[in-house]
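Worksheet for the structure shown next.
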Amino acid sequence: QALPVLFKHWLKNEEVEEGGTAMLHCELTKPNAPVEWRKGDTVLQTSDKYELRQEGTRVELFIYDAEAQDA
């Protein structure tokens, strides 16, 4: 039976100037585990606004041109 994927390092709040780029990251206990980034009920997808990266156990979300509603 496979062990569940857990967070080794949780997300931390990030402050960024309006118009800047915010980078959120966390670390998982298993490499390449499927990760879904959400804002409320909306699943985020790579676009001009969002970039999602995953290397091994580290996952990152970049939010470009940050605005107040991105909080």
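The values are calculated or read from the model by the stated rules, or taken from the named source; none is laboratory data. The model shown is predicted, which means the values in this text are computed figures rather than measured ones. Cβ atoms come from the backbone with ideal geometry, glycine included; neighbour counts cover every protein chain shown. Accessible surface is based on the protein model in full, side chains and every heavy atom, while ligands, DNA and RNA are left aside. Shrake-Rupley method; radii C 1.70, N 1.55, O 1.52, S 1.80 Å.
Charging the Cβ of each Asp and Glu at -1 and of each Lys and Arg at +1, and nothing else, the dipole of the chain about its Cα centre rounds to 560 debye.
Here the spin labels are modelled as points 7 Å beyond Cα on the Cα-Cβ line, and at Val35 and Leu11 they lie 1.0 nm apart.
Inter-label distance, Leu24 to Glu51: 1.7 nm, where each label sits 7 Å from its Cα along the C-beta direction. Solvent-accessible surface of the chain, averaged per residue with a 1.4 angstrom probe and all protein chains in place: 79 square angstrom.
Given a 1.4 Å probe and the protein chains as shown, Arg38 ends up with an accessible area of around 130 Å². When the solvent-accessible area of the chain is split by element, carbon and sulfur atoms take up 49 percent of it, the probe being 1.4 Å. Applying the Karplus relation 6.51 cos²θ - 1.76 cosθ + 1.60 with θ = phi - 60° to region 21-33 yields 3J(HN,Hα) values of 10, 9, 10, 10, 8, 8, 10, 9, 7, 10, x, 6, 5 Hz, where x marks Gly and Pro.
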